[in-house]
Amino acid sequence: MRAQVLSRTGQPLELKTLRDPEPKPGEVLVKVAACGVCHSDLHVMHGDIAFPTPGVLGHEMSGTVVALGGGVTNVAVGDRVATTFIMPCGACASCWRGQEELCEKFFGLNRLKGRLYDDQTRLFYPDGAPVAMYSMAALGELSVVPATDVFKLPEGLALAESAVLGCAFFTAFGAVSTTAGLSVGESVAVIGTGGVGLAAIQVARAVGASRIVAVDVADDKLQAALAAGATDAVNSITTPAPDAVKALTGGGVDAVIEAVGRGETIVQGVAMVREGGRVVPVGLAGASATANIPITHLVRRKVRVLGSFGARPRIDMPVVLDLAARGAIAFASTVTRRYRFEDAWQAYTDLDRGQIIGRAIIDYSL
Ligand SMILES: [Zn+2]
Ligand SMILES: [Zn+2]
């Protein structure tokens, strides 16, 4: 098969031929239909997040099942599926606690070493040299995925666009519903209205939020946020965002979703939430990035800052898929750009330059 390989961090992706991967027991082989273009991959490409090379990135995927390893019963050959970027092992202490997003094997074997849960990769060059896998390595034409992470798509969902369900919408659902615990009638601000931010706005609307304030530095992204269901838009370059949000909501929002991954925007979030409110940072940053939060403001006002990483695949992804099937989230509308498989590097370059409104996908059928 062909794959877009990161040979060294800081260099463009390269189109290479790899051996066709094979699933082992408990795994599924998927013919990839589309891969979403996400900032987390960019952090790895730039070397901000450590990951072994050569490696195949791509962690937001949809496709069709083409083969099953032994013992797999939750999907069948021919099923149209989406996968979540977190691949729970299903057997570690975190998975047993229901905290699948903290799966010990996912971090210890996949994120650190680029391998699946027998401590081996499924990807090799024709000469047998191993290639690391970031999540399921969706930037290859074929992908081996643990069955715990493969979800059959409901009828009627667009296959390629469904790729964005497994990271952008999955992460947004985890942040808005599980971590922030946003409930009917509450207000929320979403800082950063890229792919995850737009998804968070849609999820907030789906759970019945009253006021949804979009905060960004780009007017075109704020327009997209209003189209996605935000009730208000604040440009934080032309307006002090905390003041604007507090004025709109009579003293601050109940919750903030911070989808940028910068210290300044986390501090903004702490300043715009009501007393006792929740600030949920969801954007990854470079390993050394910090946020300079005023201590007395945090303590006296009982502001809670709650990190949120993805969501719980087997608990939350069925809910995300149900929201999509019922039209409660218009996920396909967030996909604004499509790139050919051969042009994957261009897609990440455009994302890096801030030129993507909403989400871009790499569509393998183009
Ligand atoms: Zn992602
Ligand atoms: Zn686990």
>> Over the chain, with a Gaussian network built from C-alpha contacts below 10 Å, which listed residue (58, 327, 140) shows the highest mean-square fluctuation?
In response: 327
>> At 222 nm, what value in deg cm²/dmol follows for the chain if DSSP H runs of at least 4 each add -39500 (n - 2.57) and the sum is divided by all its residues, to the nearest 500?
In response: -6500 deg cm²/dmol
> Where a Cα-Cα gap under 15 Å defines reach, which aspartates and glutamates qualify for residue 302, not counting those fewer than 8 residues away within the same chain?
Replying inline: 254, 275
>> Give me the extension gain from residue 66 to residue 7: residue separation times 0.36 nm, minus the current Cα-Cα distance, reported in nm with one decimal.
In response: 18.5 nm
> Full extension from residue 50 to residue 365: what is 0.36 nm times the residue separation minus their Cα-Cα distance, to one decimal in nm?
Replying inline: 110.3 nm
> Taking springs between alpha-carbon atoms closer than 10 angstrom, which of 137, 271, 227 fluctuates most in the Gaussian network model of the chain?
Replying inline: 227
> For residue 299 and residue 338, what is the calculated FRET efficiency with R₀ set at 45 Å and r taken between the beta-carbons, to the nearest 0.05?
Replying inline: 0.40
>> Connecting C-alpha atoms closer than 10 Å in a GNM of the chain, tell me which of 21, 294, 52 has the biggest fluctuation.
In response: 294
>> With the crude spin-label approximation of a point 7 Å out along Cα→Cβ, what separation in nm comes out for residue 328 versus residue 235?
In response: 3.5
> Going 7 Å from the Cα of residue 77 in the Cα-to-Cβ direction, what parts of segment 20-36 have a backbone nitrogen less than 18 Å from that spot?
Replying inline: 20-32
>> For the ranges 244-252, 209-217, 124-132, what's the packing order if you count other beta-carbon atoms within 10 Å of each residue, average per peptide, and put the highest first?
In response: 209-217, 244-252, 124-132
> Across 10 Å bins from the origin, how do the percents of Cα pairs in segment 169-305 run, short distances first?
Replying inline: 14, 50, 32, 3
> How far is the Cα center of segment 270-323 from the Cα center of segment 131-194, in Å?
Replying inline: 17
> Taking 0.36 nm per residue of separation and subtracting the Cα-Cα distance, what length does fully extending residue 315 through residue 113 add?
Replying inline: 70.1 nm
>> Over 26 Å between Cα atoms: which of 16/105; 31/221; 31/105; 152/221 fall into that group?
In response: 16/105; 31/221; 152/221
>> Only counting other Cβ atoms within 10 Å, I'd like 297, 43, 59 sorted with the fewest neighbours first.
In response: 297, 43, 59
> Alpha carbon centre of segment 332-348 versus segment 6-31: separation in Å?
Replying inline: 19
>> I'd like the FRET efficiency for residue 158 and residue 220, computed as 1/(1 + (r/R0)^6) with the beta carbon distance as r and R0 of 30 Å, rounded to 0.05.
In response: 0.80
> Efficiency by 1/(1 + (r/R0)^6): what FRET value for residue 127 and residue 31, r their Cβ-Cβ distance, R0 = 22 Å, to the nearest 0.05?
Replying inline: 0.35
> In Å, what is the Rg of the alpha-carbon atoms in the chain, and how long is Dmax?
Replying inline: 19.8, 64
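Each value in this text was obtained by applying a stated rule to the coordinates, not by laboratory testing. Worth saying up front: this structure is predicted, and the values here are computed from it rather than measured. Cβ coordinates were reconstructed from backbone atoms using ideal geometry, including for glycine residues, and neighbour counts include every protein chain displayed.
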